[in-house]
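Student: Sharing a structure with you now.
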Amino acid sequence: MKKQKLMLLVLCLTLTALSARAQSPQTNPSDESNLDTQLHIIVGTNQDVADPKMPASLDAVIRQLRATLPFKNYRLAATLINRVKNEGRLDLSWVGGPLAPVGAVSQATPSFSTFRLRQLKLVRTDEGQVVQMLGFYFGARIPIQVNNPMAAAGAMPPAFNYEQTGVSTDISMHEGEPVIVGTLNIGPSGDAIILVVSAKRTSK
C-alpha cells in the first residue's frame with residue numbers, strides 16, 4: 001500500500017512539472033534569427049498638422065488611439081528601424097528628440113534621447129510564438145529653464161537644469177503586430193508622444 005502511494009505521488013509530481021513546463025514560455029536556444037524592430041514616435045495633438053498621413057501598417061493603431069485618446073490629429077514624428085539578433089540587445093542614444101517643451105531647446109541646450117532594449121527574444125507559448133522586449137526604455141534628458149531674477153533682468157544668460165523623462169517596461173507581442181507601449185506628455189502644449197513598437201524576423 002505504501003509503495004502504491006509513493007508511486008502515485010511521484011506520478012503526480014511528474015505530471016505537475018510537465019504541465020508547468022508546457023505553460024511557461026520557452027526560448028529556442030538554436031534560433032539564430034535576426035529581428036527587425038520598428039519604434040514609431042507619434043504625436044497626438046489638437047492642432048492642425050501639415051502631414052497627417054500614416055503608414056498603412058499603423059491603421060489599426062490609429063483607430064485604437066482615436067477611440068481612446070481625446071486628440072483631434074496624429075502625426076508621425078519619427079520611425080527608428082534597427083536589426084537585433086534573437087536574445088540580443090539594443091542601445092541607441094542621440095542628440096535631439098520630441099519630448100522637450102517648445103522654446104526650451106536651442107543649439108546651446110539640446111535634448112538627449114535614448115532608446116534601449118535589454119533583451120529581444122522569440123518565445124514559444126501555448127498560443128504560438130511571440131516576441132518579448134525585456135527592459136524596454138525610451139526617454140530623454142531635457143533642458144528646463146530655472147527661474148533666476150538675474151537672468152530675467154538680462155544681467156546673465158538663462159540657466160537650465162536637465163531633467164530625465166521617459167517610460168520603462170517589459171512587453172510581449174505577436175510577431176509583426178504593432179503595439180502601443182505608452183504615452184508621454186509634452187509640456188504645457190497638451191500634446192502627447194505615443195510610442196508604438198513592432199518586431200519581426202528578417203529573411204536575411
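Student: Looking at (1) modelled with pLDDT under 95; (2) within 22 Å of the chain's Cα centre (by Cα); (3) aliphatic (A, V, I, L, M), which is the one condition that is false for Ile81?
Tutor: Failed condition: (1).
Student: Working carefully through the options Ala151, Ala104, Ala140, find the one that is modelled with pLDDT under 85 and outside any loop (DSSP other than H, G, I, E, B).
Tutor: Being modelled with pLDDT under 85 and outside any loop (DSSP other than H, G, I, E, B) holds for just one of Ala151, Ala104, Ala140, which is Ala151.
Student: Could I ask something else about it? Determine, yes or no, whether Pro98 is at pLDDT below 75, surrounded by 11 or more Cβ atoms within 10 Å (Cβ to Cβ) and out of contact with any helix residue (DSSP H, G or I) (no Cβ under 6 Å at 6 or more places or on another chain).
Tutor: So Pro98 passes the test.
Student: Do the conditions hold for Pro178, that is, is it at pLDDT below 95 and not β-branched (Val, Ile, Thr)?
Tutor: Against the criterion (at pLDDT below 95 and not β-branched (Val, Ile, Thr)), Pro178 does not qualify.
Student: If a residue has to be without any contact (Cβ under 8 Å) to a residue 40 or more places away in the chain and surrounded by 15 or more Cβ atoms within 10 Å (Cβ to Cβ) to count, how many in the range 32-81 make the cut?
Tutor: So the count comes out to 4.
Student: I want to confirm something. Restricting to the range 38-53 and keeping residues that are closer than 30 Å to Leu90 by Cβ and among the hydrophobic types (A, V, I, L, M, F, W, C), which single residue is nearest to the chain's Cα centre (by Cα)?
Tutor: Leu39
Student: Given the options Gln26, Gln4, name the one that is at pLDDT below 90 and either farther than 30 Å from Lys200 by Cβ or of a type in the set (Phe, Trp, Tyr) (or both).
Tutor: One residue alone meets the criteria, Gln4.
The values are calculated or read from the model by the stated rules, or taken from the named source; none is laboratory data. Everything quoted here is computed from the prediction, not taken from an experiment. Cβ coordinates were reconstructed from backbone atoms using ideal geometry, including for glycine residues, and neighbour counts include every protein chain displayed.
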